[in-house]
Amino acid sequence: MTREQTLKQNPNLNTKSVQIVQKILSKNDKKAMQLKEQYEKDNVYVVNFMSSPGSGKTTLLEGLAMCEDFRFAVIEGDLQTERDAKRLQEKGIKAYQIITGQACHLEAEMIEKAYLHLKQKGDLNGAEYVIIENVGNLVCPASYNLGADLNIVLLSTPEGDDKILKYPTMFLCADALIISKSDLIQHFEFDLKRIQEDLHKLKANVPIFLVSKTDKNSIEKVKTFIQDKRAKGYHSNHSF
């Protein structure tokens, strides 16, 4: 089923509202394609981190910054405050905060402005990667293409093992799934087999990483995965 068909079957949308939504998404897709061209021109590999709030995206970024031979800048998205960007900057990570106000997702035009800001400040000098930390939400970010080369979804152990089939649109985006706070699995009766089976039903052959901030090796595996994807010239073909 196409995105347009899904919109038209939504009982909460009338014909006019469907047309408006389609127009917004179409505009976003065009900007995303322009961003892809810009990333390639600048020889920067862009990764989009998506998840619900509190899953550990910022913590993972702090861990990745401790890895050798992995130079990156960050575009942060939140409804309010610059806390996450400042938190990363205190760790020596180049970061730019997008404050969306009431928007529960980032859009390609927002990314373009943030990317150009980082570039003009020289924050991309020496950076091989830009990581987008999307607004914490398991619904809206799944509809907006940001031109990223790689889409990684995080699911934290305390959220439970039932989320994949509850929020299929988000997990369909995933080029990889990270189970964060994995050191808590036994305390939350988190069923990893259920996760594997549900994800396979939805989208086969998506790698799953168990990550804990106390396990440096688990973070290194994520770093290596991203590096390998870049080396192989991988670009996500997911249709948002």
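Scanning the range 138-166 for residues that are polar (S, T, N, Q) and either at pLDDT below 95 or more than 20 Å from PRO207 (Cβ to Cβ) (or both), we see that the one that is least open to solvent (accessible area, probe 1.4 Å) is ASN145. Against the definition (more than 18 Å from the chain's Cα centre (by Cα), buried (at least 17 other Cβ atoms within 10 Å of the Cβ) and closer than 18 Å to LEU64 by Cα), how does SER182 come out, yes or no? Here the answer is yes, as SER182 does meet what is asked. You will find that of LYS8, LYS41, LYS31, the residue that is among the basic types (Lys, Arg), surrounded by 12 or more Cβ atoms within 10 Å (Cβ to Cβ) and modelled with pLDDT of 95 or more is LYS31 and no other.
Only one of the numbered conditions (1) closer than 23 Å to VAL211 by Cβ; (2) assigned to a loop (DSSP other than H, G, I, E, B) is violated by ASN125, and that is (1). Counting the residues of the range 72-89 that are out of contact with any helix residue (DSSP H, G or I) (no Cβ under 7 Å at 6 or more places or on another chain), in a helix (DSSP H, G or I) and either open to solvent by 10 Å² or more (accessible area, probe 1.4 Å) or touching a residue at least 60 places away in the same chain (Cβ under 8 Å) (or both) gives 3.
The values are calculated or read from the model by the stated rules, or taken from the named source; none is laboratory data. On a predicted model such as this, the values are computed, not experimentally measured, just so you know. As a convention, Cβ positions derive from the backbone with ideal geometry for all residues, glycine included, and neighbour counts pool all protein chains shown. Surface areas here come from the heavy atoms of the whole protein model, side chains and all, with no ligands, DNA or RNA. Shrake-Rupley method; radii C 1.70, N 1.55, O 1.52, S 1.80 Å.
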